[in-house]
Structure formats: structure tokens, C-alpha cells
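FYI, it's all coordinate maths here, none of it is from the lab. Source: prediction; values computed, not measured. When we count neighbours, we look across all protein chains shown, and the Cβ atoms used for this are built from the backbone with ideal geometry, even at glycine.
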Amino acid sequence: MENYHYPGTDIQTSRLALGCMRMAGKSVAEAQAVIEAALAVGINYFDHADIYGRGQSEERFAQAFKQIDCDRDQIYLQSKVGIRPKEGMFDFSKDHILKSVDGILRRLETDYLDALLLHRPDSLMEPEEVAEAFQTLKDSGKVRYFGVSNQSVGQMKLLQAATEIPLVFNQLQFGPAHTLMLDAGFNFNMPNDFGSNRTADILEYCRLHQITIQPWSPFQVDLEQGLFMKHPDYQELTKEIQEKADQYQVSFEGMVMAWILRHPAKMQPIVGTMTPERIRHNAEGLNVDLSRQDWYEIYRAGGRPLP
């Protein structure tokens, strides 16, 4: 897998990242097999969050990684903070961010994170307080780069105005069945539902400011409706993707990745599977030179006619 240089950083890493949300449910041996499968296809960027498995996903990753002949400086570790599920709230306070990072570093058994993201927006966020936390973490060497997750243009602007530390990542749901970042742009000034701008031009903003979008759950409709392949409203999309996969001689998963990677925003999809074979299938998409026509045919098959 050819490494990609992420703007605003010295990170040269894989175009795909492995999401470790479900690693808590794996044994050490199973987690080791997952990490090794990722490394074998060139994936060396691993995405975590302090709430995944209530911290057990990070612990299992560390336990498994110790069994692998790979040094810490050969991989990139990213985690997220800010969700407090037990209390039913978000928390971007300086104290919570700093304590959370210490816990993440302890569980991952590492001295630093390559990237820290704020997980979901906190409406009670004090930008200056977050800026202080970021600066403390950067000065101490505990975090190299920073970003956000699921945040709008306005929320990012508000935070960026308080700190000179650039935001270099934003995790946003995106995939063939979840295309809100594209729909309003195609239907600008049109009196239809697709013309409703639910993303406030976040795609264009991130491109303009060289912020890498990390698409999460690319195989889901949304968090409630599950995988689009099993959804009755997306059978035409599933059929179209499979036909394109057969045409390009790659797996279904590989074609989904190829469709995302074809977009010029240079996104870094988060692959959430814990199955080594599916990791290999996803990586097949990196070798697909998807044509413009085929990209649009997949987009339209999701039930989104062009105006």
C-alpha cells in the first residue's frame, strides 16, 4: 500500500485506517491476527476512542501488539475523547481531556498519540479551555496532532479561532448509502429534499483547509438502520456495487473503498471490521482506478437522481 502524506503533518501513512471499536470482544490471539492482517496489506494507522469497549479495546490492542514484531514508531495511533456515556453527556473540559488522554496512554501502553480527536460536539465547549488542553498535550509530547469528529464548519471555526494548533482531521460518516456531504452540492438551488444542506459545506471546508476527512461506518446507512447491503431500500445500490466489483475483479468491500477513495478530497476511510479476510478485501480498493462514469453510476444507484 502506497503511503499518503497528510497535509499539515509529517505523517506518511496508509490511505486506510483500521477502526478498533470492536476489538474489546476479541481474545489477544484474535486481536493479534487482526493487527497482523492490517499490517500485511499496509495499514499502519489505528483508530481508537476511550469509550470503545469502555477502554478494553485499547487494552486488547496493546496486549496484542506486544506479540507482534513491529516497533511503535512503525505505526500511528489515534484516539478520541469527550463522550461520557455513564453520565449521558459530552465533556470537552480541560480537566476531562487531560485525564482521558492519560488513561488512553496507559491502556495503549505508549508514551504518545499521533492524533487526538474530540469525539462528537460538546455544546458547552469553551474554545479557550480546549486550546489550553491541546497546548498542554502538545508541549508535553503526549499528542502530536489534533482533530475533531462529527463536527460542523461553524464548530470547527469556533475552536480553531482559539488556538494556533491546526485541526488536521475530522471523522464524518460517509459511504455509498450515506452521501449527505455530496447531495446538497449536486442539488444547489433546487426545490427538492436532496437540496437541503445538512452538512453546511463541510466537505468543501475541509478541502479548502487541508483537513483530512476520515469516513466512518462506510457500509452503514446510519447508526439506526445498519448495513445498507441488508436494507430493502438499498438493494439496487448493492447490486450496482457488486456488478462494478465483478467488472474490476475486486471484492464488494474493495469497490466500496474504491468509490470513497475516488473522490478528490483524499479521504482516509476507517475500516471497522475485525475479520482478517475482510481487511484484505477492503484493501483491494486501493488498486482500483474507478472511472468517473462508474463513480456516478454507484452514486445514482443509491436512490439519488441527478437534477
Report summary line: Between E243 and E224, the two model label points (7 Å from Cα along the beta-carbon direction) sit apart by a distance in nm of 3.1
Query - Calculated FRET efficiency for the pair Q12/A40, C-beta based, R₀ 25 Å, to 0.05 - result: 0.85
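I need the peptides 120-127, 38-45 ranked by packing, meaning the mean over residues of other C-beta atoms within 10 angstrom, with the highest value on top. Before the final figure, lay out each step's value.
On the way: 120-127: 15.4, 38-45: 20.4.
Listed from highest to lowest mean packing, they are 38-45, 120-127.
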Query raised in the report: Mind checking which aspartates and glutamates have their C-alpha under 17 Å from K239, skipping anything on the same chain fewer than 8 residues away?
Result: E253, D294, E297
Report summary line: Cβ-Cβ cut-off under 11 Å around S149, Lys and Arg +1, Asp and Glu -1: the net charge is +1
Requested in this report: Please identify, among H119, H48, H281, the residue showing maximal mean-square fluctuation in a Gaussian network model of the chain using a 10 angstrom Cα cutoff.
Outcome: H281
Report task. Quick one: compute the contact order of the chain, relative version, from alpha carbon pairs under 8 angstrom and 6+ residues apart, as a percent. Result -> 17
Requested in this report: Can you quote the Å³ per residue value for the convex hull of the Cα atoms in the chain, rounded to an integer?
Outcome: 133
Query raised in the report: Do the alpha carbons of any pairs in K86/K142; K80/K230; K99/K138; K157/K266 sit beyond 19 Å of each other, and which pairs?
Result: K86/K142; K80/K230; K157/K266
Query - Radius, Kirkwood style, for the range 172-283 when every pair of distinct Cα atoms is counted (Å) - result: 15.0
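For the range 109-257, state the average projected area of the convex hull of the C-alpha atoms over all orientations, rounded to one decimal in nm². Intermediate results must be reported in sequence, preceding the final value.
Working: hull surface 48.1 nm².
Quarter of the Cα hull surface area: 12.0 nm².
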Query - Helical contribution to [θ] at 222 nm, DSSP H n ≥ 4, -39,500 (n - 2.57), averaged over the chain, rounded to 500 - result: -11500 deg cm²/dmol
Requested in this report: Round to a whole angstrom and tell me the spacing of the C-alpha centers of the range 262-307 and the range 38-94.
Outcome: 25
Report task. Within the set of other residues whose C-beta is less than 12 Å from the C-beta of F219, count the net charge using Lys and Arg as +1 and Asp and Glu as -1. Result -> 0
Query raised in the report: Using a simple spin-label model with points 7 Å from Cα along the Cα→Cβ vector, what separation in nm is obtained for Q67 and K99?
Result: 3.3
Report summary line: Of the convex hull enclosing the alpha-carbon atoms of the range 208-261, the direction-averaged projected area in nm² is 4.7
Query raised in the report: How much FRET efficiency would the formula 1/(1 + (r/R0)^6) give for D139 and A200, where r is the Cβ-Cβ distance and R0 is 35 Å, rounded to 0.05?
Result: 0.60
